[in-house]
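Visitor: I'd like to ask some things about the structure below.
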Amino acid sequence: MRVFTASVATETNTFSPIFTDLRSFTDTFYARPGEHPDTPTLCSAPIIACREILRPQGWEVIEGTATWAEPGGLIAKATWETLRDTLLQELQEAMPVQAVVLGLHGAMVAQGYHDCEGDLLRRMRDMVGPDVIIAAELDPHSHLTPARCEAADLLVAFKEFPHTDFMERARDLVHLTQSAVEQRIKPVISSFDCRMIEVLPTSREPMKGFIRQLHELEKTDDKVLSISVIHGFMAGDVPELGTRIVVITDNAPEHGEALARRLGLELFDFRGRTRPPFLSVQQALDQAESSQQAPVVLADVWDNPGGGVAGDGTLILHAIMARGIESVACGLLWDPMAVQLCFAAGEGAQIPLRFGGKSDAKAGAPIDAMVNVKSLVRNAQQQFGESLVPMGDCAWIHWQGIDLVLSSNRCQSFDPTLFTTMGLDPTARQYLLIKSTNHFYDGFEPIAGTIIYVDAGAPYPSNPKSNGYQHLERPIWPIVENPHHA
Ligand SMILES: [Zn+2]
(Lines give C-alpha, C1' and ligand atoms only; values in the text may rest on other atoms or scores of the structure.)
Protein backbone atom coordinates (compact mmCIF):
# COMPACT_ATOMS: atom_id res chain seq x y z
CA MET A 1 0.00 0.00 0.00
CA ARG A 2 1.12 3.56 -0.71
CA VAL A 3 0.05 6.71 1.11
CA PHE A 4 0.87 10.34 0.27
CA THR A 5 1.03 12.68 3.26
CA ALA A 6 1.68 16.43 3.43
CA SER A 7 0.67 19.54 5.34
CA VAL A 8 -0.15 23.14 4.49
CA ALA A 9 -1.69 25.31 7.15
CA THR A 10 -2.27 28.70 8.68
CA GLU A 11 -5.22 30.51 10.25
CA THR A 12 -6.35 33.61 8.38
CA ASN A 13 -7.70 36.61 10.29
CA THR A 14 -9.20 38.51 7.36
CA PHE A 15 -9.29 41.68 9.52
CA SER A 16 -5.54 41.61 10.29
CA PRO A 17 -3.02 44.04 8.75
CA ILE A 18 -0.27 41.33 8.94
CA PHE A 19 -0.49 40.03 5.35
CA THR A 20 0.71 36.51 4.67
CA ASP A 21 3.14 35.71 1.86
CA LEU A 22 5.46 32.82 1.02
CA ARG A 23 8.06 34.16 3.45
CA SER A 24 5.53 33.93 6.28
CA PHE A 25 5.49 30.17 5.62
CA THR A 26 9.22 29.64 5.01
CA ASP A 27 10.11 31.74 8.08
CA THR A 28 7.76 29.89 10.44
CA PHE A 29 7.96 26.23 9.40
CA TYR A 30 8.83 24.74 6.04
CA ALA A 31 9.97 21.13 5.63
CA ARG A 32 10.67 19.82 2.13
CA PRO A 33 9.56 16.27 1.23
CA GLY A 34 11.19 13.78 3.60
CA GLU A 35 12.73 16.53 5.73
CA HIS A 36 10.02 16.77 8.39
CA PRO A 37 11.62 16.55 11.85
CA ASP A 38 10.74 13.70 14.24
CA THR A 39 8.63 16.01 16.43
CA PRO A 40 5.17 16.84 15.13
CA THR A 41 4.01 20.42 14.73
CA LEU A 42 0.38 21.33 15.45
CA CYS A 43 -0.84 20.79 11.88
CA SER A 44 1.72 18.31 10.54
CA ALA A 45 1.03 15.55 13.08
CA PRO A 46 -0.57 13.29 10.40
CA ILE A 47 2.88 12.90 8.76
CA ILE A 48 4.36 11.62 12.03
CA ALA A 49 1.31 9.38 12.59
CA CYS A 50 1.75 7.85 9.10
CA ARG A 51 5.42 7.09 9.86
CA GLU A 52 4.53 5.66 13.25
CA ILE A 53 1.50 3.52 12.31
CA LEU A 54 1.73 2.62 8.62
CA ARG A 55 5.47 2.19 7.99
CA PRO A 56 5.93 -0.71 10.44
CA GLN A 57 3.08 -2.48 8.62
CA GLY A 58 4.91 -2.31 5.31
CA TRP A 59 3.13 0.69 3.83
CA GLU A 60 5.16 3.01 1.67
CA VAL A 61 4.78 6.51 3.17
CA ILE A 62 5.52 9.18 0.56
CA GLU A 63 6.02 12.52 2.25
CA GLY A 64 5.31 15.83 0.58
CA THR A 65 5.99 19.34 1.78
CA ALA A 66 4.90 20.40 5.27
CA THR A 67 4.51 24.08 6.01
CA TRP A 68 2.87 26.37 8.54
CA ALA A 69 2.67 30.14 8.83
CA GLU A 70 1.94 31.90 12.09
CA PRO A 71 -1.70 33.04 11.88
CA GLY A 72 -1.99 36.39 10.12
CA GLY A 73 -3.96 38.32 7.54
CA LEU A 74 -5.08 37.34 4.05
CA ILE A 75 -2.74 35.03 2.08
CA ALA A 76 -1.42 36.52 -1.16
CA LYS A 77 -3.04 34.84 -4.20
CA ALA A 78 0.28 33.78 -5.73
CA THR A 79 1.42 32.34 -2.40
CA TRP A 80 -1.63 30.12 -2.07
CA GLU A 81 -1.42 28.95 -5.68
CA THR A 82 2.30 28.17 -5.31
CA LEU A 83 1.80 26.13 -2.12
CA ARG A 84 -1.25 24.34 -3.53
CA ASP A 85 0.46 23.50 -6.82
CA THR A 86 3.57 22.26 -4.99
CA LEU A 87 1.46 19.71 -3.12
CA LEU A 88 -0.51 18.76 -6.24
CA GLN A 89 2.73 18.19 -8.16
CA GLU A 90 4.10 16.03 -5.33
CA LEU A 91 0.90 13.99 -5.25
CA GLN A 92 1.05 13.53 -9.03
CA GLU A 93 4.58 12.17 -8.75
CA ALA A 94 3.62 9.88 -5.85
CA MET A 95 0.76 8.19 -7.72
CA PRO A 96 -0.55 5.55 -7.72
CA VAL A 97 -1.52 5.81 -4.03
CA GLN A 98 -4.33 4.21 -2.03
CA ALA A 99 -4.63 7.12 0.39
CA VAL A 100 -3.88 10.82 0.87
CA VAL A 101 -3.49 12.00 4.47
CA LEU A 102 -3.23 15.75 5.00
CA GLY A 103 -2.51 18.03 7.92
CA LEU A 104 -4.59 21.16 7.26
CA HIS A 105 -5.85 23.92 9.52
CA GLY A 106 -9.16 24.75 7.95
CA ALA A 107 -9.26 28.54 8.23
CA MET A 108 -6.97 29.53 5.36
CA VAL A 109 -8.29 32.40 3.22
CA ALA A 110 -6.39 33.82 0.25
CA GLN A 111 -7.05 36.70 -2.13
CA GLY A 112 -9.74 35.24 -4.41
CA TYR A 113 -10.10 32.01 -2.35
CA HIS A 114 -12.58 31.88 0.54
CA ASP A 115 -11.98 28.15 0.94
CA CYS A 116 -8.33 27.24 0.30
CA GLU A 117 -8.66 23.79 1.88
CA GLY A 118 -11.76 23.03 -0.23
CA ASP A 119 -9.85 24.14 -3.33
CA LEU A 120 -6.94 21.82 -2.49
CA LEU A 121 -9.11 18.81 -1.56
CA ARG A 122 -11.26 19.17 -4.71
CA ARG A 123 -8.20 19.29 -6.98
CA MET A 124 -6.69 16.28 -5.23
CA ARG A 125 -9.94 14.35 -5.62
CA ASP A 126 -10.02 15.20 -9.32
CA MET A 127 -6.47 13.91 -9.61
CA VAL A 128 -6.77 10.60 -7.71
CA GLY A 129 -10.32 9.65 -8.69
CA PRO A 130 -13.20 8.38 -6.52
CA ASP A 131 -11.60 5.24 -5.02
CA VAL A 132 -8.59 6.70 -3.19
CA ILE A 133 -9.22 7.58 0.47
CA ILE A 134 -8.65 11.28 1.19
CA ALA A 135 -8.29 12.18 4.86
CA ALA A 136 -7.45 15.43 6.64
CA GLU A 137 -6.88 16.59 10.17
CA LEU A 138 -8.29 20.05 11.01
CA ASP A 139 -7.92 22.57 13.78
CA PRO A 140 -11.37 23.18 15.33
CA HIS A 141 -10.87 26.92 14.67
CA SER A 142 -11.76 26.13 11.13
CA HIS A 143 -14.56 26.68 8.66
CA LEU A 144 -16.47 23.70 7.28
CA THR A 145 -17.60 23.91 3.66
CA PRO A 146 -19.59 21.57 1.39
CA ALA A 147 -16.58 21.40 -0.98
CA ARG A 148 -14.47 19.80 1.76
CA CYS A 149 -17.14 17.32 2.85
CA GLU A 150 -17.68 16.26 -0.77
CA ALA A 151 -14.00 15.86 -1.62
CA ALA A 152 -12.80 14.14 1.57
CA ASP A 153 -13.66 10.75 3.07
CA LEU A 154 -12.42 11.57 6.55
CA LEU A 155 -12.20 14.90 8.40
CA VAL A 156 -11.04 14.77 12.02
CA ALA A 157 -10.53 17.90 14.17
CA PHE A 158 -8.65 18.22 17.46
CA LYS A 159 -11.20 17.79 20.24
CA GLU A 160 -9.38 19.85 22.85
CA PHE A 161 -8.92 23.61 23.08
CA PRO A 162 -6.08 24.10 24.18
CA HIS A 163 -5.13 21.69 21.39
CA THR A 164 -3.36 19.15 23.55
CA ASP A 165 -4.64 16.17 21.53
CA PHE A 166 -3.39 17.01 18.02
CA MET A 167 -1.16 13.91 17.94
CA GLU A 168 -3.88 11.57 19.25
CA ARG A 169 -6.38 12.84 16.67
CA ALA A 170 -3.77 12.39 13.93
CA ARG A 171 -3.42 8.76 15.02
CA ASP A 172 -7.24 8.36 14.94
CA LEU A 173 -7.22 9.76 11.40
CA VAL A 174 -4.50 7.40 10.20
CA HIS A 175 -6.12 4.33 11.82
CA LEU A 176 -9.44 5.20 10.13
CA THR A 177 -7.65 5.77 6.82
CA GLN A 178 -6.05 2.34 7.05
CA SER A 179 -9.40 0.67 7.86
CA ALA A 180 -11.04 2.45 4.92
CA VAL A 181 -8.28 1.45 2.48
CA GLU A 182 -8.56 -2.14 3.69
CA GLN A 183 -12.35 -1.86 3.14
CA ARG A 184 -13.20 -2.74 6.72
CA ILE A 185 -15.22 0.49 6.97
CA LYS A 186 -17.00 2.84 4.57
CA PRO A 187 -16.77 6.34 6.06
CA VAL A 188 -19.60 8.80 5.37
CA ILE A 189 -19.46 12.42 6.60
CA SER A 190 -22.57 14.03 8.14
CA SER A 191 -22.64 17.53 9.56
CA PHE A 192 -24.88 20.00 11.38
CA ASP A 193 -24.69 23.79 11.27
CA CYS A 194 -25.04 25.10 14.86
CA ARG A 195 -25.50 28.65 13.52
CA MET A 196 -23.40 30.25 16.20
CA ILE A 197 -19.89 31.60 16.78
CA GLU A 198 -18.37 31.52 20.25
CA VAL A 199 -15.11 30.85 22.10
CA LEU A 200 -15.34 27.22 23.26
CA PRO A 201 -12.52 26.24 25.65
CA THR A 202 -12.68 22.56 26.56
CA SER A 203 -10.60 22.95 29.74
CA ARG A 204 -13.79 23.98 31.58
CA GLU A 205 -17.49 23.13 31.72
CA PRO A 206 -19.78 22.85 29.84
CA MET A 207 -17.45 21.96 26.94
CA LYS A 208 -15.36 19.61 29.05
CA GLY A 209 -18.33 17.32 29.65
CA PHE A 210 -19.46 17.66 26.05
CA ILE A 211 -16.09 16.40 24.79
CA ARG A 212 -16.25 13.51 27.28
CA GLN A 213 -19.61 12.60 25.74
CA LEU A 214 -18.08 12.56 22.24
CA HIS A 215 -15.33 10.15 23.33
CA GLU A 216 -17.97 7.95 24.96
CA LEU A 217 -20.13 7.90 21.80
CA GLU A 218 -17.12 7.01 19.65
CA LYS A 219 -16.50 4.01 21.91
CA THR A 220 -20.06 2.79 22.40
CA ASP A 221 -21.96 3.59 19.18
CA ASP A 222 -20.73 1.03 16.67
CA LYS A 223 -22.05 3.00 13.68
CA VAL A 224 -19.94 6.02 14.69
CA LEU A 225 -16.31 6.26 13.57
CA SER A 226 -15.48 9.82 14.62
CA ILE A 227 -17.12 12.98 15.98
CA SER A 228 -15.60 16.46 15.74
CA VAL A 229 -16.69 19.92 16.76
CA ILE A 230 -15.71 22.65 14.32
CA HIS A 231 -15.69 25.65 16.68
CA GLY A 232 -15.40 28.12 13.79
CA PHE A 233 -13.15 31.17 13.59
CA MET A 234 -14.80 34.55 14.14
CA ALA A 235 -11.95 36.55 12.57
CA GLY A 236 -12.37 34.82 9.22
CA ASP A 237 -15.00 36.65 7.16
CA VAL A 238 -16.21 33.81 4.90
CA PRO A 239 -19.69 32.57 3.95
CA GLU A 240 -19.37 29.35 6.04
CA LEU A 241 -18.20 31.05 9.27
CA GLY A 242 -19.59 29.28 12.35
CA THR A 243 -19.74 26.23 14.61
CA ARG A 244 -20.56 22.78 13.18
CA ILE A 245 -20.69 19.18 14.28
CA VAL A 246 -19.08 16.53 12.08
CA VAL A 247 -20.14 12.91 12.55
CA ILE A 248 -18.46 10.23 10.47
CA THR A 249 -20.37 6.96 10.40
CA ASP A 250 -19.65 3.57 8.93
CA ASN A 251 -22.05 4.08 6.01
CA ALA A 252 -24.98 5.17 8.18
CA PRO A 253 -25.71 8.72 6.96
CA GLU A 254 -29.21 8.95 8.48
CA HIS A 255 -27.85 8.00 11.88
CA GLY A 256 -25.00 10.47 11.36
CA GLU A 257 -27.34 13.34 10.44
CA ALA A 258 -29.59 12.70 13.45
CA LEU A 259 -26.69 12.46 15.88
CA ALA A 260 -24.98 15.58 14.46
CA ARG A 261 -28.25 17.47 14.86
CA ARG A 262 -28.83 16.29 18.44
CA LEU A 263 -25.27 17.19 19.48
CA GLY A 264 -25.36 20.48 17.54
CA LEU A 265 -28.52 21.69 19.29
CA GLU A 266 -27.08 20.65 22.66
CA LEU A 267 -23.98 22.71 21.91
CA PHE A 268 -26.12 25.66 20.75
CA ASP A 269 -27.69 25.66 24.23
CA PHE A 270 -24.25 26.36 25.75
CA ARG A 271 -23.95 29.69 23.93
CA GLY A 272 -22.94 32.61 26.13
CA ARG A 273 -21.67 30.46 28.99
CA THR A 274 -18.63 28.63 27.64
CA ARG A 275 -15.93 31.23 28.35
CA PRO A 276 -14.30 32.19 31.60
CA PRO A 277 -15.15 35.77 32.67
CA PHE A 278 -13.10 38.35 30.70
CA LEU A 279 -12.33 41.49 32.77
CA SER A 280 -11.63 45.04 31.59
CA VAL A 281 -8.01 46.21 32.03
CA GLN A 282 -8.74 48.26 35.18
CA GLN A 283 -10.91 45.55 36.75
CA ALA A 284 -8.22 42.99 36.00
CA LEU A 285 -5.45 45.08 37.59
CA ASP A 286 -7.63 45.78 40.66
CA GLN A 287 -8.17 42.07 41.08
CA ALA A 288 -4.49 41.26 40.42
CA GLU A 289 -3.27 43.79 43.00
CA SER A 290 -5.60 42.43 45.67
CA SER A 291 -4.72 38.81 44.98
CA GLN A 292 -2.67 36.94 47.59
CA GLN A 293 -1.75 34.10 45.25
CA ALA A 294 1.34 34.70 43.13
CA PRO A 295 2.14 34.66 40.39
CA VAL A 296 -0.99 36.23 38.98
CA VAL A 297 -1.24 35.32 35.30
CA LEU A 298 -2.83 38.11 33.24
CA ALA A 299 -3.83 36.77 29.82
CA ASP A 300 -4.15 39.46 27.15
CA VAL A 301 -6.80 37.48 25.27
CA TRP A 302 -7.34 39.76 22.28
CA ASP A 303 -3.72 40.48 21.37
CA ASN A 304 -2.95 36.83 20.72
CA PRO A 305 -0.85 36.24 17.58
CA GLY A 306 -2.46 32.78 17.51
CA GLY A 307 -5.56 34.61 16.25
CA GLY A 308 -3.67 36.37 13.48
CA VAL A 309 -3.06 39.75 15.15
CA ALA A 310 0.38 41.33 15.60
CA GLY A 311 1.02 40.61 19.27
CA ASP A 312 2.79 43.92 19.82
CA GLY A 313 -0.06 45.67 21.65
CA THR A 314 0.81 47.76 24.70
CA LEU A 315 -2.57 48.70 26.24
CA ILE A 316 -2.12 46.57 29.37
CA LEU A 317 1.59 47.41 29.79
CA HIS A 318 0.79 51.12 29.70
CA ALA A 319 -1.87 50.59 32.38
CA ILE A 320 0.61 48.62 34.53
CA MET A 321 3.22 51.39 34.18
CA ALA A 322 0.63 54.07 35.00
CA ARG A 323 -0.11 52.28 38.29
CA GLY A 324 3.59 51.81 39.04
CA ILE A 325 3.11 48.05 39.43
CA GLU A 326 6.43 46.17 39.78
CA SER A 327 7.60 42.53 39.78
CA VAL A 328 6.02 41.96 36.37
CA ALA A 329 7.30 39.51 33.74
CA CYS A 330 5.77 39.98 30.33
CA GLY A 331 6.11 38.00 27.11
CA LEU A 332 6.03 37.66 24.30
CA LEU A 333 5.93 41.06 22.64
CA TRP A 334 6.69 40.97 18.91
CA ASP A 335 9.27 43.56 17.90
CA PRO A 336 12.07 42.30 15.64
CA MET A 337 13.48 45.81 15.21
CA ALA A 338 13.85 46.32 18.96
CA VAL A 339 15.41 42.85 19.29
CA GLN A 340 17.96 43.77 16.64
CA LEU A 341 18.89 46.93 18.54
CA CYS A 342 19.29 44.93 21.77
CA PHE A 343 21.59 42.45 20.01
CA ALA A 344 23.63 45.34 18.64
CA ALA A 345 23.98 46.84 22.14
CA GLY A 346 24.78 43.49 23.78
CA GLU A 347 23.95 41.84 27.10
CA GLY A 348 24.36 44.12 30.07
CA ALA A 349 23.93 47.30 28.04
CA GLN A 350 21.64 50.09 29.15
CA ILE A 351 19.94 51.70 26.16
CA PRO A 352 17.03 53.99 25.30
CA LEU A 353 14.55 51.77 23.46
CA ARG A 354 11.23 52.24 21.69
CA PHE A 355 9.29 48.98 21.54
CA GLY A 356 5.81 47.59 20.79
CA GLY A 357 2.77 49.36 19.39
CA LYS A 358 3.92 49.42 15.77
CA SER A 359 1.20 47.50 13.96
CA ASP A 360 -2.24 48.65 14.92
CA ALA A 361 -3.37 52.08 16.14
CA LYS A 362 -6.09 50.41 18.26
CA ALA A 363 -3.62 48.31 20.25
CA GLY A 364 -1.69 51.02 22.10
CA ALA A 365 1.24 53.39 21.50
CA PRO A 366 4.91 52.34 21.50
CA ILE A 367 6.73 52.41 24.85
CA ASP A 368 9.88 54.52 25.27
CA ALA A 369 12.12 53.56 28.17
CA MET A 370 15.73 53.35 29.33
CA VAL A 371 16.11 49.57 29.52
CA ASN A 372 18.69 47.05 30.69
CA VAL A 373 19.43 44.29 28.20
CA LYS A 374 19.41 41.29 30.56
CA SER A 375 19.88 38.41 28.11
CA LEU A 376 19.90 37.62 24.39
CA VAL A 377 19.13 34.22 22.84
CA ARG A 378 19.38 33.36 19.14
CA ASN A 379 16.66 31.05 17.75
CA ALA A 380 14.93 30.69 21.11
CA GLN A 381 12.16 28.12 21.47
CA GLN A 382 9.24 27.54 23.81
CA GLN A 383 7.38 24.35 24.45
CA PHE A 384 3.78 23.65 23.40
CA GLY A 385 2.70 20.16 24.42
CA GLU A 386 4.89 17.76 22.45
CA SER A 387 6.14 20.39 20.03
CA LEU A 388 8.72 23.18 20.12
CA VAL A 389 7.68 26.61 18.88
CA PRO A 390 10.41 28.83 17.38
CA MET A 391 10.37 32.35 18.85
CA GLY A 392 13.28 33.61 16.72
CA ASP A 393 16.00 35.79 18.23
CA CYS A 394 14.77 37.09 21.58
CA ALA A 395 15.81 39.79 24.04
CA TRP A 396 14.98 40.03 27.74
CA ILE A 397 14.83 43.67 28.79
CA HIS A 398 14.18 45.26 32.19
CA TRP A 399 12.96 48.69 33.27
CA GLN A 400 11.03 50.04 36.30
CA GLY A 401 10.36 46.65 37.88
CA ILE A 402 9.16 45.15 34.61
CA ASP A 403 10.84 42.29 32.74
CA LEU A 404 9.85 41.80 29.12
CA VAL A 405 10.75 39.19 26.51
CA LEU A 406 10.80 40.68 23.00
CA SER A 407 10.60 38.19 20.13
CA SER A 408 11.51 38.29 16.44
CA ASN A 409 8.93 35.66 15.48
CA ARG A 410 5.30 36.50 16.02
CA CYS A 411 3.99 33.79 18.30
CA GLN A 412 1.64 33.46 21.20
CA SER A 413 2.65 32.76 24.78
CA PHE A 414 2.19 29.02 25.25
CA ASP A 415 4.36 28.00 28.13
CA PRO A 416 6.61 29.29 30.98
CA THR A 417 9.61 28.04 28.95
CA LEU A 418 9.30 31.30 27.01
CA PHE A 419 10.72 32.95 30.15
CA THR A 420 13.05 30.23 31.44
CA THR A 421 14.82 29.87 28.09
CA MET A 422 15.88 33.52 28.56
CA GLY A 423 17.13 32.81 32.10
CA LEU A 424 14.10 34.53 33.66
CA ASP A 425 12.32 32.69 36.50
CA PRO A 426 8.58 33.38 36.13
CA THR A 427 7.76 31.89 39.55
CA ALA A 428 9.85 34.62 41.19
CA ARG A 429 7.56 37.37 39.83
CA GLN A 430 4.30 38.66 41.26
CA TYR A 431 2.58 39.16 37.89
CA LEU A 432 2.93 37.41 34.52
CA LEU A 433 1.45 39.24 31.53
CA ILE A 434 1.12 36.94 28.50
CA LYS A 435 -0.55 37.10 25.09
CA SER A 436 -2.86 34.13 24.58
CA THR A 437 -6.60 33.44 24.67
CA ASN A 438 -6.57 29.91 26.00
CA HIS A 439 -3.60 27.90 24.72
CA PHE A 440 -1.45 29.10 27.60
CA TYR A 441 -3.65 27.29 30.09
CA ASP A 442 -2.01 23.86 30.26
CA GLY A 443 1.48 25.36 30.43
CA PHE A 444 0.85 28.16 32.93
CA GLU A 445 -1.86 26.70 35.15
CA PRO A 446 0.61 24.51 37.14
CA ILE A 447 2.71 27.57 38.18
CA ALA A 448 -0.12 30.13 38.45
CA GLY A 449 -1.50 31.35 41.75
CA THR A 450 -4.42 32.97 39.92
CA ILE A 451 -5.40 33.35 36.27
CA ILE A 452 -7.15 36.51 35.07
CA TYR A 453 -8.43 36.90 31.51
CA VAL A 454 -8.06 40.51 30.37
CA ASP A 455 -10.21 42.00 27.62
CA ALA A 456 -8.33 45.07 26.40
CA GLY A 457 -10.85 45.36 23.55
CA ALA A 458 -8.30 45.27 20.71
CA PRO A 459 -7.01 44.46 18.17
CA TYR A 460 -8.79 41.10 17.53
CA PRO A 461 -12.33 41.38 16.03
CA SER A 462 -13.90 39.84 19.13
CA ASN A 463 -17.49 41.04 18.78
CA PRO A 464 -19.39 39.32 15.95
CA LYS A 465 -22.19 41.91 16.23
CA SER A 466 -19.88 44.78 15.35
CA ASN A 467 -17.20 43.02 13.26
CA GLY A 468 -19.00 43.99 10.06
CA TYR A 469 -18.86 40.71 8.13
CA GLN A 470 -19.13 41.19 4.37
CA HIS A 471 -19.36 37.55 3.31
CA LEU A 472 -21.36 35.81 6.02
CA GLU A 473 -24.65 34.76 4.40
CA ARG A 474 -26.58 32.90 7.12
CA PRO A 475 -28.09 34.17 10.35
CA ILE A 476 -25.86 33.11 13.27
CA TRP A 477 -25.87 33.77 17.03
CA PRO A 478 -24.98 36.26 18.58
CA ILE A 479 -25.78 38.46 15.56
CA VAL A 480 -29.26 36.93 15.48
CA GLU A 481 -30.85 35.84 18.79
CA ASN A 482 -32.42 32.59 17.57
CA PRO A 483 -31.06 31.68 14.13
CA HIS A 484 -32.71 28.24 14.16
CA HIS A 485 -36.11 29.92 14.03
CA ALA A 486 -35.11 32.89 11.91
ZN1 LIG B 1 -7.13 26.39 17.01
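The values are calculated or read from the model by the stated rules, or taken from the named source; none is laboratory data. Being a predicted model, the structure only gives us computed values, none of them experimental. FYI the Cβ positions are ideal-geometry reconstructions off the backbone, even for glycines, and counts take in every protein chain you see. With ligands, DNA and RNA removed, areas are computed over all heavy atoms of the protein, side chains included. Shrake-Rupley method; radii C 1.70, N 1.55, O 1.52, S 1.80 Å.
Visitor: What list of ³J(HN,Hα) values in whole Hz, one per residue of the stretch 466-479 in order, does the Karplus curve 6.51 cos²θ - 1.76 cosθ + 1.60 (θ = phi - 60°) give from phi, with Gly and Pro shown as x?
Guide: Taking θ as phi minus 60°, the curve returns 10, 5, x, 5, 9, 10, 4, 10, 9, x, 9, 6, x, 5 Hz for the stretch 466-479.
Visitor: Using Cα pairs under 8 angstrom and six or more residues apart, how large is the relative contact order of the chain, in percent?
Guide: 16 percent
Visitor: For the chain, take the longest principal axis of its alpha carbons; what is the angle in degrees between that and the long axis of helix 77-94, to the nearest 10 within 0 to 90?
Guide: It is inclined by approximately 40 degrees.
Visitor: Run down the lysines and flag those whose C-alpha is under 25 Å from the C-alpha of residue 465, throwing out any fewer than 8 positions away in its chain.
Guide: Result set, ordered by chain and number: 362, 435.
Visitor: Give me the percent of accessible area attributable to carbon and sulfur for the stretch 67-188, probe 1.4 angstrom. Intermediate values should be presented prior to the final figure.
Guide: Working: 1850 of 3810 Å².
About 49 percent, which is the carbon plus sulfur part of the accessible surface.
Visitor: Rounded to the nearest 5, what % of the DSSP beta bridges within the stretch 281-454 are antiparallel ones? Spell out each step's value before the answer.
Guide: Details: 22 of 40 bridges.
Within the stretch 281-454, antiparallel bridges account for around 55 percent of the total.
Visitor: In the stretch 249-316, which trypsin sites (Lys or Arg not before Pro) fall in coil by DSSP and have 12 or fewer other Cβ atoms within 10 Å? Mind showing how you got there, number by number?
Guide: Values: sites: 261, 262, 271, 273; in loops: 271, 273.
Qualifying residues, ordered by number: 273.
Visitor: Please state the charge dipole magnitude for the chain, taken about the Cα centre, from unit charges on C-beta atoms (+1 on K and R, -1 on D and E), reported in debye and rounded to the nearest 20.
Guide: Using Cβ point charges on Lys, Arg, Asp and Glu, the chain gives about 420 debye.
Visitor: So what's the back-of-envelope 222 nm ellipticity for the chain, counting only DSSP H runs of four-plus at -39500 (n - 2.57) apiece and dividing by all residues, rounded to 500?
Guide: Details: 13 runs with 136 residues, N = 486.
Roughly -8500 deg cm²/dmol at 222 nm, from the helical runs in the chain.
Visitor: Of the DSSP beta bridges with both residues in the chain, give the percent that are antiparallel, rounding to the nearest 5.
Guide: Bridges in the chain are about 45 percent antiparallel.
Visitor: Based on the Cβ-Cβ distance from residue 266 to residue 463, what FRET efficiency comes out when R0 is 25 Å, to the nearest 0.05?
Guide: My answer for the efficiency is 0.50.
Visitor: With θ taken as phi - 60° and the coefficients 6.51, -1.76 and 1.60, list the Karplus ³J(HN,Hα) couplings across the stretch 450-457 in order, rounded to whole Hz; mark glycine and proline as x.
Guide: For the stretch 450-457, the Karplus curve yields 9, 10, 10, 8, 10, 9, 7, x Hz.
Visitor: If the label point is 7 Å along Cα→Cβ of residue 386, which residues in the stretch 88-131 have backbone nitrogen under 18 Å from it?
Guide: Residues 101-105 qualify, since their backbone N sits under 18 Å from the label point.
Visitor: Quick check on the stretch 2-268: take the gyration tensor over C-alpha atoms, sort the square-rooted eigenvalues as a ≥ b ≥ c, and tell me if it's rounded (a/c under 1.5), prolate or oblate. Before the final figure, lay out each step's value.
Guide: Details: a/c = 1.56, a/b = 1.10, b/c = 1.42.
Oblate shape, in that a/c is at least 1.5 and b/c is the bigger or equal ratio.
Visitor: Which length gain, in nm to one decimal place, applies between residue 485 and residue 344 when the Cα-Cα distance is subtracted from 0.36 nm times their residue separation?
Guide: Numbers: separation 141, 0.36 × 141 = 50.76 nm, distance 6.19 nm.
My answer for the length gained is 44.6 nm.
Visitor: Separate question: Multiply the residue separation of residue 428 and residue 445 by 0.36 nm, subtract the distance between their alpha-carbon atoms, and state the gained length in nm to one decimal.
Guide: Working: separation 17, 0.36 × 17 = 6.12 nm, distance 1.54 nm.
Extra length available between residue 428 and residue 445 comes to 4.6 nm.
Visitor: What lysines could a cross-link reach from residue 219, if we take a straight Cα to Cα line under 23 Å and drop same-chain neighbours fewer than 8 places away?
Guide: By straight Cα distance, residue 219 reaches 159, 186, 208.
Visitor: With the cut-off at 1.5 for a/c, could you classify the stretch 281-454 from its C-alpha gyration tensor as rounded, prolate or oblate?
Guide: In terms of gyration-tensor shape, rounded.
Visitor: Note the angle between two axes, namely the Cα long axis of helix 253-268 and the longest principal axis of the Cα atoms of the chain, as a number of degrees from 0 to 90, rounded to the nearest 10.
Guide: Helix 253-268 and the main axis of the chain meet at about 20 degrees.
Visitor: In degrees, nearest 10, range 0 to 90: what is the angle between the Cα axis of helix 207-220 and the longest Cα principal axis of the chain?
Guide: For 207-220 against the chain, the angle is about 30 degrees.
Visitor: Quick one: net charge around residue 310, please, counting Lys, Arg +1 and Asp, Glu -1 for every other residue with C-beta under 9 Å from its C-beta.
Guide: Once all neighbours under 9 Å are counted, the net charge is -1.
Visitor: Under a straight-distance cross-link criterion of Cα-Cα below 12 Å, which aspartates and glutamates are reachable from residue 374, leaving out those fewer than 8 residues away in the same chain?
Guide: Partners found: 347, 403.
Visitor: Report the gain in length on full extension from residue 131 to residue 378: 0.36 nm times residue separation, minus Cα-Cα distance, nm rounded to one decimal.
Guide: Result: 84.1 nm gained on full extension.
Visitor: Might you tell me the accessible area per residue for the stretch 281-454, computed with a 1.4 Å probe and given in Å²?
Guide: Heavy-atom SASA per residue in the stretch 281-454 reads 36 Å².
Visitor: Please state the shape class of the chain: rounded when a/c is under 1.5, otherwise prolate if a/b exceeds b/c and oblate if not, all from the C-alpha gyration tensor.
Guide: Verdict is prolate for the chain.
Visitor: If you roll a 1.4 Å probe over the stretch 225-306 with all protein chains in place, what percent of the accessible area is carbon or sulfur?
Guide: Summing carbon and sulfur atoms, their accessible area is 45 percent of the total for the stretch 225-306.
Visitor: Round to the nearest 0.05 the FRET efficiency obtained for residue 254 and residue 93 when R0 = 35 Å and r is the Cβ-Cβ distance.
Guide: With R0 = 35 Å, the Cβ-Cβ based efficiency is 0.30.
Visitor: Continuing with the same structure: Residues of the stretch 2-268: accessible area per residue at 1.4 Å, in Å²?
Guide: Per residue, the stretch 2-268 has an accessible area of 34 Å².
Visitor: What FRET efficiency do you get for residue 150 and residue 280 if R0 is 41 Å and r is their Cβ-Cβ distance, rounded to the nearest 0.05?
Guide: 0.35
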